[in-house]
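Report on the following structure.
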Amino acid sequence: MCLGGAGAQAEETLDMHALQEQLQKAMQMIEAQSQHMNTLQGELNALKSETTTQATELSKIQPSAADTTHLEERVFELEEQIFELDDRVGSETLANAFDANNLDIGGFINTAFTHVDGEDGSAFGWNRQNFELLIRADLNEQWSAFFAGGFLREGNVGFDDDNDGVLNESGERRNPDFAIESGVPGGTRNPQIIAWTNYKHNDAFNVKLGRMITPHGIINIEHFPATLLDQEQPLFLRPFGGQTIFPNFTTGGQVHGQFFVGGDTLSYNTYIASAQGAIEEPIYGARLAYEFRDKGVTVGVNAATGTRSEALDNEYTLLGADLLIDKGSILWKNEIFSTDEDGASGRLGFYTQPAYRFNDQWIGFYRYDFLDDGSNASAAVPDNAGDVTEHMVGLNYLPLPNVRLRLTGTRRHYDSTSVFDEADADILQFSTTYSF
């Protein structure tokens, strides 16, 4: 689901930090309500005791009608408040963390229906149904942990030109189908997506350890579908969980922080980590971003070096830049990344995605997306051989800030190579994301 960090998207977009803060506030409200209910219950018992005492005295002293009426109204009011709080909190025992001061739980459900019209056929279906559970635990203001686990059933857009049941073989680009991950029955899997612990010394110095989002660019950092105008991320970030240009996720250590420069913000991320498929091969990377707050502009630069495979000596160097403009009705994201590959052709990916907020509920956007994955014969799903270009137009509707409905139309063009002819595919997709 930014050119200088994940850009805040007013009320209609929620980044990961906004989700975490919202979850924390919700848990604090429930705890406060529970304590308030206990206080009210004690006050009610005291008043009932007072009423009993006064009832005894009433046999000796005749109270005024006004006093009796006021007391009865107060008791009735307290009972109504307790019943209302009980409905909110419930009679079940609240969940408590073993040692954490705060424990926040939330998540999102993401669903997509996709229709693909290719040169030699078409395919359509509900190809994605994902649920992710998000948990954050804070021991204190310095120590925190975050976990995102997924229950994913998804099939990416693929092609089976020879109808042999094997998708995305070399040069296949004309007969669309949905690619279910090999070895995963029914396309369903339950990955650990993110799991890290973080020590915060201050705003300028944090240390994070674990499995994390690789801190490059805009959309990869934003990551969560609740914040994204299009759930199909740019070409260079596909296949999701892969490393077409750089890995979407890495496991290792990261030092990060931010400095406040007048009204602006300078942020940095440095990491030593590895991709899941090459655990013994470290990747060294960094990102530096500067946000001009008054102008709504963030500029970022990115660099990394590493090895893609333990079996092959294929080191690469990554360079990239990104630009985010988030001001008023305008939301414009731009990223470009290139690599120099040892023993292989370099890779290049970039996109520009201008968007316009018509109001708090409606957003329209366009994206021009290009990828040269360095391959002239075969490539990873779904970025087939040769250069690939996408033109996408889309519309987002947010009936509530936490509910996002999308409709997108995409023209995908595969350039010809010395081996394969050019081809086009038209993709229409409806998707929804409900976050809580």
Checklist entry - For the pair LEU428 and GLU119, how long in nm is the line joining their label points, each one 7 Å along Cα→Cβ? => result 2.3
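Between ILE279 and ALA46, what FRET efficiency follows from the Cβ-Cβ distance if R0 is 60 Å, with the result rounded to 0.05?
The computed FRET efficiency comes out at 0.40.
Leaving ligands, DNA and RNA out of it, rank ASP294, ASP342, ASP415 by accessible area with a 1.4 Å probe, largest first.
Greatest to least solvent exposure: ASP294, ASP342, ASP415.
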Checklist entry - Gain in length, ALA311 to GLN142, computed as 0.36 nm per residue apart minus the alpha-carbon separation, to one decimal in nm? => result 56.8 nm
Item to check | Heavy atoms of GLU119: accessible area, 1.4 Å probe, square angstrom to 10 | outcome: 80
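At 1.4 Å probe size, put ARG74, ARG136, ARG293, ARG308 in order of accessible surface, largest to smallest.
Largest accessible area first, the list is ARG293, ARG74, ARG136, ARG308.
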Checklist outcome for this item: Between the modelled labels at SER418 and ASP99 (7 Å from Cα along Cα→Cβ) the distance in nm is 6.1
Next on the checklist: Using only the heavy atoms of the protein chains and a 1.4 Å probe, how would TRP332, TRP196, TRP126 rank by accessible area, largest first?
Outcome noted: TRP126, TRP332, TRP196
Checklist entry - Label PHE358 and LEU209 with points 7 Å out from Cα along Cα→Cβ: what is the distance between them in nm? => result 5.1
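Excluding ASN269 itself, calculate the net charge of residues whose Cβ lies under 10 Å from the Cβ of ASN269, where each Lys or Arg counts +1 and each Asp or Glu counts -1.
So the surrounding residues net to +2.
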Next on the checklist: Tell me the accessible surface of TYR366 in square angstrom (1.4 angstrom probe, heavy atoms of protein chains only), to the nearest ten.
Outcome noted: 80
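Would you mind classifying the range 189-294 by shape? Square roots of the alpha carbon gyration tensor eigenvalues, ordered a ≥ b ≥ c; an a/c under 1.5 is rounded, otherwise it is prolate if a/b is larger than b/c and oblate if not.
Cα axes put the range 189-294 in the oblate bin.
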Checklist outcome for this item: Computed over the range 285-436, the convex hull of the Cα set has an average projected area, in nm², of 11.3
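Hey, can you rank 103-114, 400-411, 197-208 by average C-beta count inside 10 Å, highest first?
Output ranking for 103-114, 400-411, 197-208: 103-114, 400-411, 197-208.
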Checklist outcome for this item: Summing +1 per Lys or Arg and -1 per Asp or Glu among the other residues with Cβ less than 14 Å from GLY253's Cβ gives +2
Checklist entry - In the range 111-156, what percent of the accessible surface is made up of carbon and sulfur (1.4 Å probe, ligands and nucleic acids excluded)? => result 58
Next on the checklist: If R₀ is 45 angstrom, what is the calculated FRET efficiency for the pair PHE131 and GLU72, using the beta carbon separation as r and rounding to 0.05?
Outcome noted: 0.35
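The values are calculated or read from the model by the stated rules, or taken from the named source; none is laboratory data. This one's a predicted model, so the numbers in the text were calculated from it and none came from an experiment. Using ideal geometry, Cβ is built from the backbone for each residue, glycine included, and neighbour counts are taken over all protein chains shown. Ligands, DNA and RNA are excluded from the accessible area calculation, which covers all protein heavy atoms including side chains. Shrake-Rupley method; radii C 1.70, N 1.55, O 1.52, S 1.80 Å.
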